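Derivation of every value follows stated rules applied to the coordinates shown; laboratory data play no part. What you see is a predicted model; the values in this text were computed from it and never measured. As a convention, Cβ positions derive from the backbone with ideal geometry for all residues, glycine included, and neighbour counts pool all protein chains shown.
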Amino acid sequence: MAKYIGAIDQGTTSSRFIVFDRSGRIVTTAQKEHEQIYPKPGWVEHNPDEIWAHTQEVIAEALKSKNLSAKDLDGIGITNQRETTVVWNKKTGKPVYNALVWQDTRTADYVAEYSRLGGQDQFRRKTGLPLATYFSGLKIKWILENVPGVRDLAEAGDVLFGNIDTYLIWQLTGGTNGGIHVTDWAISVNKPDGSAAHLPVPGQLRPIPASVPAGPPRNVAVLYREFARAISDGLPAAPDFATAARFHQLLENIQRASDTGIRQIL
C-alpha cells in the first residue's frame, strides 16, 4: 500500500495539487493560476487547454519537490469549480469552445424563456433547485446554438460534455486513447434535504452517453469523479454484496487508469 493520497483542487482562479500522508497531513503542494476571460459584460470563460496543462504541471512540480512518483500515491481525488461547463471533441481532445464558468450569465434569456413556459420552480420538486444561469444544461444549449459546427458534431456523437473534473479525469485516464467519461450521482442530484429518493444505487454507476444532446438538454447529468480507491470507504453503502463488488471493481479499474495517466505526465 502506497503512503500518500493526492488531491487535484481545480478552482475558479487556479489549479493546485496536494499530497497528503495517511494521517491527513499535507506533505507537499503546488499551485498555478489561469487566465480569466471576459468577452462581454456578464460573460466569464476559461481555456480548458490551459487548465489541463496547469494541472499536469502542478502534479509534476508537487511530486518532484519531495522526490515522489506515481507509485507513491494510492489514489487521487478531485475537487473542482462545479458547474463550469466544457464541451470537447472526443476524437481530437480539443475543446470546441472555451469553458463557460459557473459565474457566466449569458444564459439569462433562456432562464427567462423557460420560466415563462413553466415557472422558475418547475424542476424544484425533482432537483431541489430553481432555473438559474449557474447550471450546466443551459450552458450546453448555448454552445450548441452559438458555436458553428458543434451541433453537427454532437449529432454524430463526436463531442463530450463535462464539468472540469470530468474533463480532467478523461484527460488523466487516456484522453483520445480510451479516456474514462464518467458520472457520479453525488452532484447530479442536488436535493437540499439530502434525500436519496432520486439517487441511483452504486451498481448503476456507468459511463455517460458519448454525445451532447442535439436539442435542449434533457436530464443532463453533472459529470463527476471517484477514481481513487482511498476515498471509496466514504461513499454510501451498496444495497447488496453483488452491487458493492461491481462498484468497487469499477473504482479499482479507474484507479489503475489514473496511475497510467500520472505516469504519462511525469
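When a/c is below 1.5 the answer is rounded, else prolate if a/b is larger than b/c, else oblate, so apply that to segment 1-79 with a ≥ b ≥ c taken from the square roots of the Cα gyration tensor eigenvalues.
Details: a/c = 3.12, a/b = 2.53, b/c = 1.23.
It comes out prolate by the Cα gyration axes.
So which of Lys94/Lys126; Lys64/Lys91; Lys66/Lys91; Lys94/Lys141 end up more than 28 Å apart by C-alpha?
Details: Lys94/Lys126 34 Å; Lys64/Lys91 32 Å; Lys66/Lys91 36 Å; Lys94/Lys141 19 Å.
Pairs exceeding the cut-off: Lys94/Lys126; Lys64/Lys91; Lys66/Lys91.
Taking segment 82-122 on its own, what percent of its Cα-Cα pair distances exceed 16 Å?
Working: 445 of 820 pairs.
Counting every Cα pair in segment 82-122, those more than 16 Å apart make up 54 percent.
Report the gain in length on full extension from Glu57 to Lys94: 0.36 nm times residue separation, minus Cα-Cα distance, nm rounded to one decimal. Kindly include the intermediate steps, with their values, before the conclusion.
Working: separation 37, 0.36 × 37 = 13.32 nm, distance 1.85 nm.
Residue separation times 0.36 nm, minus the Cα-Cα distance, leaves 11.5 nm.
Can you give the extra length, in nm with one decimal, that the chain gains between Asp121 and Ser14 once fully stretched, where that is 0.36 nm per residue apart less the Cα-Cα distance? List each step's numbers first, then the result.
Numbers: separation 107, 0.36 × 107 = 38.52 nm, distance 3.35 nm.
Separation in residues times 0.36 nm, less the Cα-Cα distance, equals 35.2 nm.
Quick one: which of 142-152, 170-180 comes out on top by average Cβ neighbours within 10 Å, and what's the full order, highest first? Can you show the working numbers first?
Numbers: 142-152: 15.2, 170-180: 18.6.
Going from most to least packed, we get 170-180, 142-152.
When the convex hull of the Cα atoms of segment 1-155 is projected onto a plane and the area is averaged over all directions, what value comes out in nm²? If you can, show how the numbers build up before the last one.
On the way: hull surface 48.2 nm².
Here the figure is 12.1 nm², rounded to one decimal.
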